[in-house]
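Read the figures in this text as sums done on the coordinates, not as results from a lab. Only a predicted model underlies this, so the values are computations on that prediction, with no experimental measurement involved. Neighbour counts run over all protein chains shown; Cβ positions are idealised from the backbone, glycine included.
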Amino acid sequence: MWIFLVTEVMFFGGLLMAYLLYRVWYPLAWSEGSLELDIRLGGFNTVVLIGSSLTMALAVRSAQTGAQKATVRWLLLTMALGLTFLVVKFFEYREKYLLHHIPGPNFQFEGPEAAHVQIFLSLYFGLTGLHALHMVVGFCVLAVITWMAHRRRFSPEWYTPVELSGLYWHFVDIVWIFLFPLLYLVDRAHHLS
Amino acid sequence: MSGHVSPKTTYYAIFGALMVLTAITVTIAFINLGPLNFPVALGIAILKATLVILFFMHVKYSSQLTKLICGTAFFFLFVLFGLTLSDYLSRGWFVAPGGTAAAGTRVTIGPPAPIAEPAGQTESDTEPQTAPER
C-alpha cells in the first residue's frame, strides 16, 4: 500500500510541477484565477475532509480494539463526510459551468489575463478533478470495507483492509491539504492592496 | 497484526491542531505579505500533512521500512521540483555575449518558408535562379 501511495505522490507531483511552472510564468493570471474560486466552499470542504480523516482514524482504532459496531459507525460517518465533500465540489463545478469558466471553446473571461486564467482553471479542474476521482474510488472502497465490517470479518488480529483503506483515505486528505492553499489561497492577498 | 493503538485523545488533539492551522492559513490568505504568502501557506500545508502522516497514518509508530518508503515519495518529489525549478528559475540569470535570456523559456518556431513554385510565381524574388536548364 505504501509503495502504491508513493506512485500516487508522483502522479499528483507531475501536475503540481505544471502548476508551479505556470505560476512562475503567469503570476497575475494566478492571482485573478484564485479570486474566482469560492474560499468559503473550499474552506468548508477542508474542514469536512480533515474531519473525515479523523473519523477514518477512529474507525481504524475501533477495528484495532475489536469494537466492531463502532468501526461500522465511524466508517459510515467517514463515507457521509466524503459524500458531503463531493456534493459541495459538484456545486462548485456547476457554478463554473454556469459562468462559462470551464476551459474550452465556450470559455469566457473578462480581462487582459483571460488566456492565462484559462490555464489556471485548466489546472484547477485537472487537479481537483483527479482528487475528486480519488474520493469516488475511496468512497467505493469504504463501502466494501463497511460491508465487511458489518459482516464481522475483522478482528484485532486481522484488520488489514481497514488500515489500508484508511491509509488511502488519509493520502487523499493530504492531497487536498496542499490543493486548498495552492489553488484557493496563496495568490488571493496580492489583489487586496 | 496488531499495531500501535493510539488513545482517542491523540486523534482529537491532532484534529484540533489541523483545524487551528487551517484557520491560520485562511486568515493569512487575506493579508498581503508580498512574496511571503506562498512559502507561509506552503509551510503550513507541509506541517498539516506531517501531522496527518505521523499520527493518522501511524508512521510515527511504524517500522523503519515504512518510514523509508514514505520518505522516498517526498525525496523524489523534491528531486522533481528541485531540478525542474533550478532550471526554469535560473534561466536569464546569465546571458552569454550575443545570447538572449529568453532563448530557452519560449522557443517560437515560425511557419516554414513557402516553397517556391516554378510556374506562375513571378512576384516571388526568392525563387531559385540557378535551376539547371535542360
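When the helices of the protein assembly as shown are scored as -39500 (n - 2.57) per DSSP H run of n ≥ 4 and the total is divided over every residue, the value at 222 nm lands at -22500 deg cm²/dmol.
Kirkwood-type hydrodynamic radius, segment A:2-191: 17.8 Å, calculated from all non-identical alpha-carbon pairs.
Between A:M1 and A:R40, take the C-beta separation as r, use R0 = 51 Å, and let me know the FRET efficiency to the nearest 0.05. Please report the intermediate quantities before stating the final value.
Numbers: r = 34 Å, r/R0 = 0.68.
According to the calculation, E is roughly 0.90.
Between A:L142, A:L54, A:L81, the GNM of chain A built on Cα springs shorter than 10 angstrom shows A:L54 fluctuating the most. Please report the spacing between the Cα centers of segment B:3-78 and segment A:52-115 in Å, no decimals. Value for the Cα centre distance between the two parts: 19 Å. Return, ordered by residue number, the residues of segment A:166-188 whose backbone nitrogen is under 20 Å from a label point located 7 Å along Cα→Cβ of B:T84. Within reach of a label on B:T84, which here means backbone N under 20 Å from a point 7 Å along Cα→Cβ, segment A:166-188 contributes A:172, A:174-187.
What would the Debye equation give as log₁₀ I(q)/I(0) for the protein assembly as shown at q = 0.07, 0.13, 0.16 Å⁻¹, counting only Cα atoms as equal point scatterers? Debye curve over Cα of the protein assembly as shown, log10 I(q)/I(0) at q = 0.07, 0.13, 0.16 Å⁻¹: -0.38, -1.01, -1.38.
Of all the options A:L133, A:L58, A:L123, the one that moves most in a Gaussian network model of chain A with Cα springs shorter than 10 angstrom is A:L133. Could you compute how fast segment B:11-52 diffuses translationally, taking Rh as the Kirkwood radius over C-alpha pairs and applying Stokes-Einstein at 4 °C with viscosity 1.567 mPa s? Give it in µm² per second. D = 122 µm²/s. Taking a Cβ cut-off of under 9 Å around A:G33, the surrounding Lys, Arg, Asp and Glu residues balance to a net charge of -4, with basic ones at +1 and acidic ones at -1.
Using unit Cβ charges (K, R positive; D, E negative) and no other charged atoms, how large, in debye to the nearest 20, is the dipole of segment A:2-191 about its Cα centre? Each step should come with its number before you reach the end.
Values: 12 positive and 12 negative charges, 178 e Å.
Value, rounded to 20: 860 debye.
When both segment A:143-193 and segment A:7-48 are represented by their alpha-carbon centers, they are found 18 Å apart.
Each of A:C140 and A:L98 was given a label point 7 Å from its Cα along the Cα-to-Cβ line. The distance between the two points is 3.0 nm.
With the simple spin-label model, which puts each label point 7 Å out from Cα in the Cβ direction, the B:W93 to B:A17 separation comes to 3.6 nm.
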